[in-house]
Every structure is written in structure tokens, then in C-alpha cells.
1. May I ask you to verify whether Leu95 is surrounded by 15 or more Cβ atoms within 10 Å (Cβ to Cβ), within 18 Å of the chain's Cα centre (by Cα), of a type in the set (A, V, I, L, M, F, W, C) and under 16 Å from Ser71 (Cα atoms)?
2. Quick one: how many residues across the range 93-119 are not in a helix (DSSP H, G or I) and not β-branched (Val, Ile, Thr)?
3. Given the conditions (1) modelled with pLDDT under 90; (2) in a loop (DSSP other than H, G, I, E, B); (3) crowded, with 17+ Cβ neighbours inside 10 Å, report the number of the one that His65 does not fulfil.
4. Can you say whether Val160 is exposed (fewer than 14 other Cβ atoms within 10 Å of the Cβ) and within 21 Å of the chain's Cα centre (by Cα), as far as the supplied structure shows?
5. Does Gly128 satisfy the condition of being modelled with pLDDT under 95, assigned to a loop (DSSP other than H, G, I, E, B), in contact with a Ser or Thr (Cβ under 9 Å, 6 or more places away or on another chain) and more than 29 Å from Met45 (Cβ to Cβ)?
6. Asn87: surrounded by 10 or more Cβ atoms within 10 Å (Cβ to Cβ), at positive phi and either modelled with pLDDT under 90 or not in a loop (DSSP other than H, G, I, E, B) (or both), yes or no?
7. Which residue pairs have Cβ atoms closer than 6 Å, lie 6 or more positions apart in sequence or on different chains, and pair a first residue in the range 41-70 that is over 22 Å from Thr28 (Cβ atoms) with a second residue that is crowded, with 16+ Cβ neighbours inside 10 Å and acidic (Asp, Glu)?
8. Condition (residue is charged (D, E, K, R), at pLDDT 90 or above and over 22 Å from Arg157 (Cα atoms)) applied to the range 103-115: is it met by at least one residue?
Amino acid sequence: MKKTLRPLLVLFTALTLVTGVAYPLVVTVVGQAAFPQQAHGSLIMRDGKTVGSALIGQNFTDPGHFWGRPSATSPFANNAAASSGSNQGPLNPALIDAAKGRLDALRAVDPMNTAPVPVELVSASASGLDPHISPAAAEYQIARVAEARKLPPEVVRTLVAQHTTRPLLSVLGEPVVNVLQLNLALGAH
């Protein structure tokens, strides 16, 4: 029994030290050295204060800002501590009512806009924390934001273009617009 137990304990201890201490330590040190911004949560700073993260969506509801993807987190929108979707199926009346409510809110704030509403502006994401929208969703909102901020639409359109991230190698993923970074850029105008 001792012949078997001792090697097992030695192996257990060695693997615990390697996988539970050494590996996480090495990954942390390499991450801090090679990717310091990402390792610290991709925080966005303005005037020495943290205004958000480029990785977590924020809830904008006034007409002068671009709106991100709706969040199904609770007790408040974009609650990183409660990251999850609504878990409602496509035939669930609550899901349909929530989408209709979001659609009504978009139409109420911009009644002259008759363009089709991009789906991500009325449907919550699986995580509830998406920081990005598609360029089409940003385009849908340009007239409303420009009017609310008393800016020419072309100025706002240029800001959207400047804050659109293209796919890696032009094939991996879709173009996206980070809503927080775009809204911060709008604040400078």
C-alpha cells in the first residue's frame, strides 16, 4: 500500500504545484507584460477616472447617444455580476413583448426613421453585456444622434466609420462598433 500511496501523493503534489501555482503565475506575468491593457480589463479612462470597459456594454437611453444591444441582466441593465441571457425561447410571449417594447422605444425616440430596425437593437444577447453593435445598427441611429447633438449627420457618420473595427485578416468575424468608445468620441464634439 505504501508503495502505491507515496508515488500518488508525490504526483498529486507536483501536479498541484504545476497546474495550480506555476502555470497561473506564468500566464499572469506574461499577460501583464505582453497585454497590460487587456490584463487590466480593457478599462477606458477619461480625466483620470474609469468610465467603463471596452469589453462590457453600458446602458445608454438618451437620444444624443448611440444605444447598444439590450441587456437581459438584472437587477439593472449591463450588470456584469449577473451576466446571462433571458433564457426565453422564440415563442415565449415575454420575449416577444420585450422585443416589441424595445422596438416601440426606438420608434418613439426617432419617429421619422422608417428604416428597418437592425435585430440587435431589439434582441438581448446571450451574455447581456455586448459592448458592440453592427455598423448597420449604428447607421440606423445616426440621424437621431446628429439631430439631438445638433451635429451634421456626416460628422456623426465619420465618427462611426472611425470607430468601426474591421475583422481580423478581413475574414475572421464581422465589422463592429464599440458603443462606449463611439459615445465618448461624440462627447468631444
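The values are calculated or read from the model by the stated rules, or taken from the named source; none is laboratory data. Just so it is clear, the model here is predicted, and its values are computed rather than measured. Every residue, glycine among them, receives a Cβ derived from its backbone with ideal geometry; neighbour counts consider all protein chains shown.
1. Judged against the criteria, Leu95 is not a match.
2. Residues meeting the conditions: 7.
3. Every condition holds for His65 apart from (1).
4. The answer is no for Val160.
5. Spelling it out, it is not the case that Gly128 is modelled with pLDDT under 95, assigned to a loop (DSSP other than H, G, I, E, B), in contact with a Ser or Thr (Cβ under 9 Å, 6 or more places away or on another chain) and more than 29 Å from Met45 (Cβ to Cβ).
6. no
7. Gly57/Asp130; Arg69/Glu120; Arg69/Asp130
8. So far as the range 103-115 goes, yes, one or more of its residues are charged (D, E, K, R), at pLDDT 90 or above and over 22 Å from Arg157 (Cα atoms).
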